[in-house]
Amino acid sequence: MTVGVAILGSTGSIGCATLQVLGRQRDRFRVAALTAHSNGELLQRQAAEWKPGYVGLVNSGKREAGNGKGPECLIEAVTRPDVQIVVNGIVGAAGLEATLAALAAGKRVALANKETLVMAGELVTRTAREGGGEIVPVDSEHSAVLQCITGRRSGELARLILTASGGPFRTWSAERVAAATVEEALRHPTWKMGKKITVDSATLVNKALEVIEAHFLFDVPYDAVDVVVHPQSVVHAFVEFVDGSVLAQVGFPTMELPILYALTHPERVPDTGPRRFDPVAAGALTFEPLVKERYPAYGLGRVAAAAGGTAPTVFNAANEVAVQLFLDGKIPFGRIAATIERALARHDASDAGSLAAVLAADAEARRLARDAA
């Protein structure tokens, strides 16, 4: 019997990669539901090929075919009885409520939407416990950690080291980075992603989000999560254990491998898709310290993480607003971090244990960020 999979954000990079994986694993999985934000044309082509029982378009017009329209289609998709696994490939805060609904319904959530845990980590993990759901990360770094610790006893983990490519500005001066253009920020050296995530990789906001995500996923204190710059993007994470031993997960950059592992964890199944690793072909692997002056937004994320409560919610929301303003040509690249900093400074962090509190903080942060920009 095949396992039903719902893909949120099926027309994005994660969604398309998931369909590539499922195409090679048709004997194990079937597509039960597909949703997209606004790319109705591609969604219809996907639906014609995969014939899911449910198709939803969040930002829909009158001509698109599908069972569901509007934001509620995300909840409808993940709570269907024929869905056992939800791949959440939505970018930004829009993925939160669907994640909560899936976990409350006892589903496995293959989570690529890192903002979910950043905004509401306490709420999300509690919902998983109470609803019988399961969170399995899709981010390559967190998948790497999971692969290294699966089967280990509780208490053996001492430290996590996440790797960052350094983005397109790894060798630039802080002054040059601040004046970077949209075209330059979108020129990622190793990964092909959507615009928002690519800008987050240029500011290293994505790595701050991943630090917060790791804290909730693996129940480790923030001071036990480090980041190093690794330009080749071959080593995805290191895990240090209490005896000083260190394991790493390596592989050529691809999202298909962590997606497959999220679908099958803790099992591994044969797959012919990803390029097989060859240490000779990989060449020399280098590691560098993270230059904080070059990536001020990363430091702000660590400050928000330490503050806790709704501070990470504000960090995430202010960043989303600032990145969109930058992509629209309304603020320079250097203003992204400044906008986040001002929003955080004007927000009084409070408890983030309820959805209402999280959504209120998110809305306030977006207003503060627009005013600050």
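Values quoted throughout were computed directly from the atomic coordinates according to the rules given, and no laboratory measurement underlies them. Fair warning: this is a prediction, and the values are worked out from it, not measured in the lab. As a convention, Cβ positions derive from the backbone with ideal geometry for all residues, glycine included, and neighbour counts pool all protein chains shown.
Mind giving me the nanometre distance, one decimal, between the label points for Arg187 and Asp371, set 7 Å out from Cα along Cα→Cβ? According to this spin-label approximation, the distance is 3.8 nm.
Identify, among Trp50, Asn39, Gly133, the residue whose Cα sits farthest towards the positive end of the charge dipole of segment 3-138, taking +1 on the Cβ of Lys and Arg and -1 on the Cβ of Asp and Glu, with the dipole about the Cα centre. The Cα lying farthest towards the positive end belongs to Trp50. Principal semi-axes of the equivalent ellipsoid, √(5λ) from the alpha carbon gyration tensor of the chain, are 29, 26, 21 Å from largest down.
Would you work out if segment 1-82 is rounded, prolate or oblate? Take a ≥ b ≥ c from the square roots of the eigenvalues of the alpha-carbon gyration tensor; rounded if a/c is under 1.5, else prolate when a/b is larger than b/c, oblate otherwise. In terms of gyration-tensor shape, prolate. Within the same chain, lysines fewer than 8 places from Lys114 are excluded, and of the rest, those with a Cα less than 25 Å from its Cα are Lys69, Lys192, Lys195, Lys196, Lys207, Lys292. Think of each Lys and Arg Cβ as +1 and each Asp and Glu Cβ as -1; about the Cα centre, that makes the dipole of the chain roughly 840 debye.
Each listed q (0.10, 0.11, 0.12 Å⁻¹) maps to a log10 I(q)/I(0) for segment 122-230, found by the Debye formula over equal Cα scatterers with no solvent: -0.36, -0.43, -0.51. Distance between the modelled labels on Asp271 and Ala104, one decimal in nanometres: 3.1 nm (7 Å Cα→Cβ projection).
Can you give the net charge of the other residues whose Cβ lies under 10 Å from the Cβ of Pro231, counting K and R as +1 and D and E as -1?
Details: positive: Arg170; negative: Glu288.
Result for the local shell: 0.
Candidate membrane-span-like segments in the chain, meaning DSSP H helices with Cα atoms spread over at least 18 Å of their own axis and a Kyte-Doolittle mean of -0.5 or above, are 115-131, 205-218, 311-327, 355-372, with no membrane implied.
Extension gain for Glu256 to Thr125 (0.36 nm times residue separation, less C-alpha to C-alpha distance): 44.6 nm.
Considering segment 3-138, its Cα convex hull presents a mean projected area of 7.1 nm².
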